[in-house]
1. Run the quick spin-label model on THR382 and ASN363: label points 7 Å from Cα toward the beta carbon, then report their separation in nm to one decimal.
2. For the stretch 273-339, with every protein chain kept in place, what is the accessible area per residue (1.4 Å probe, Å²)?
3. Pop a pseudo-label 7 angstrom from the Cα along the beta-carbon direction at both ARG305 and LYS79 and give the gap in nm to one decimal.
4. In the stretch 339-428, what % of DSSP beta bridges are antiparallel (nearest 5)?
5. Set the Förster distance to 35 Å, then compute FRET efficiency between LEU155 and ARG262 from the Cβ-Cβ distance, nearest 0.05.
6. Report, in listed order, any pair from LYS106/LYS132; LYS383/LYS411; LYS301/LYS383; LYS113/LYS144; LYS225/LYS348 with a Cα-Cα distance greater than 25 Å.
7. Could you tell me what percent of the accessible area of the stretch 274-347 is made up of carbon and sulfur, with a 1.4 Å probe and every protein chain present?
8. For ILE397, ILE320, write out the residues from largest to smallest accessible area, computed with a 1.4 angstrom probe and no ligands counted.
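The values are calculated or read from the model by the stated rules, or taken from the named source; none is laboratory data. These figures come from a predicted structure and were not determined experimentally. Cβ coordinates were reconstructed from backbone atoms using ideal geometry, including for glycine residues, and neighbour counts include every protein chain displayed. Please note that ligands, DNA and RNA were not included when accessible areas were found on the heavy atoms of the full protein model with its side chains. Shrake-Rupley method; radii C 1.70, N 1.55, O 1.52, S 1.80 Å.
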Amino acid sequence: MKDKIAIVGRPNVGKSSLFNRLIKQRKSIVGEEDGVTRDRIYGDLHWRGYSAQLIDTGGLIASPEHFSSLKKIEILVRKQIDIAIEEATLAIFVTDVKTGLTPLDKDVSLYLKRKEKEIVLVVNKVDNERLKNEAANFYQLGFKELFPVSAAHGLGIGELLDCLVSKLPPILSPSIKEETINVAIVGKPNVGKSSFINSLLEDERMLVDDQPGTTRDSVDIFFKKGGRSYLLLDTAGIRKKRVIRDTLNLYSLFRTYKAIDRAEIVLLLIDIREGLSRQDITILNFIIRKNKAGIIAVNKKDLLRDVCLREYERTLRQRIRHLNFLPIVFISALKRGNIHETLDLIAKIAESNRRRIATNLLNRLDISFPHSRIYYLTQIKTKPPRFLVFVNNPDSIKAHYSIYLKNLLRKRFGFMGIPIDIVFKAKQ
């Protein structure tokens, strides 16, 4: 288990910029407005043979009377910060030299000191010598040393990293192995993605609120269960294009599609009261075009107890006849209904997605197409499975022949929820 370092500070001091700089990738969303980061965002820090897990947090609003319209979300963000500090071995306290020392910085300082964690004070946005001198004003917070840095330009980062790793035991940097199952959780805002993850982890890991758009980042969550390793990619809610008016929502949408690209399996979450929208179908088609395995999870089944789920599923499948291989599960994220069964299904799909079928088994299938001679089949790829079929005349193969063969392979070997690719080639 790696040591954890929490990044904490008031809003808009550059915590996410520093997080991205330290993990050497652009993972947390950075924006000018307050409250861009809300959940705990995790990333791996590696420096001089040392390794730790870095936690980016939302802005700590110690004076909520100035943000009355965000009172509820502020409480949730504060809870996430409390959890991050509790998990962490030490905390990076980030301040902003250009704004100067503020009463809110002093409130955050007192808050952190009460947590009795080791604290490293960072003064951010120090881009020149004059600002470096002004950074000394932050000694008033009562810390023995501070680190002037510029997260945007990379100034002072090496010294900060040296300090951080000096407080950690040296360990080999572990990498997430190939066996890890990458799962992207996608869906429209407010369908229960964060609640689903919280129920799965049995932990209030994700910030949950009934306000659409609570999750803006794509959040990586690594965990182990039942002897298997999973990497959950929680994403911001996918909105219709006409409501994406600002850069932040466009960036969140980009992160969602990027999470799908990184995933092996994509779980599309829908609200049972809303059904499968045109937007959801567009996402499903995108998932399959990207050759990702998919699951449709219908959430909040407890809200419509009189509905016949079998009939509901039949109605859904009528709208996606071309995707009849996708499994549909009914869950209640808040009440943890069918959550672990869904995880078992994910594991089963991952196993099938990585399975390689022996050529002799494939050629025992009874396959014949009009005006075409099939010589033999072989599997040439996994994740997703791709099959090469040698025939006398590839031009004579009709589209529905390929569909027939895919259905036959699924019936015989599984591949539930998995797009199958078939290539017809002339025998040399």
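1. Label at THR382, label at ASN363, 2.2 nm between them.
2. On the way: 3720 Å² over 67 residues.
Accessible area per residue, the stretch 273-339: 56 Å².
3. Taking the simple label geometry, ARG305 and LYS79 are separated by 2.5 nm.
4. On the way: 7 of 13 bridges.
Taking every DSSP beta bridge with both residues in the stretch 339-428, the antiparallel ones total about 55 percent.
5. On the way: r = 31 Å, r/R0 = 0.89.
With R0 = 35 Å, the Cβ-Cβ based efficiency is 0.65.
6. On the way: LYS106/LYS132 20 Å; LYS383/LYS411 18 Å; LYS301/LYS383 31 Å; LYS113/LYS144 13 Å; LYS225/LYS348 14 Å.
Listed pairs above 25 Å: LYS301/LYS383.
7. Working: 1870 of 3900 Å².
That share works out to 48 percent.
8. Values: ILE397 30, ILE320 0 Å².
Solvent-accessible surface, decreasing: ILE397, ILE320.
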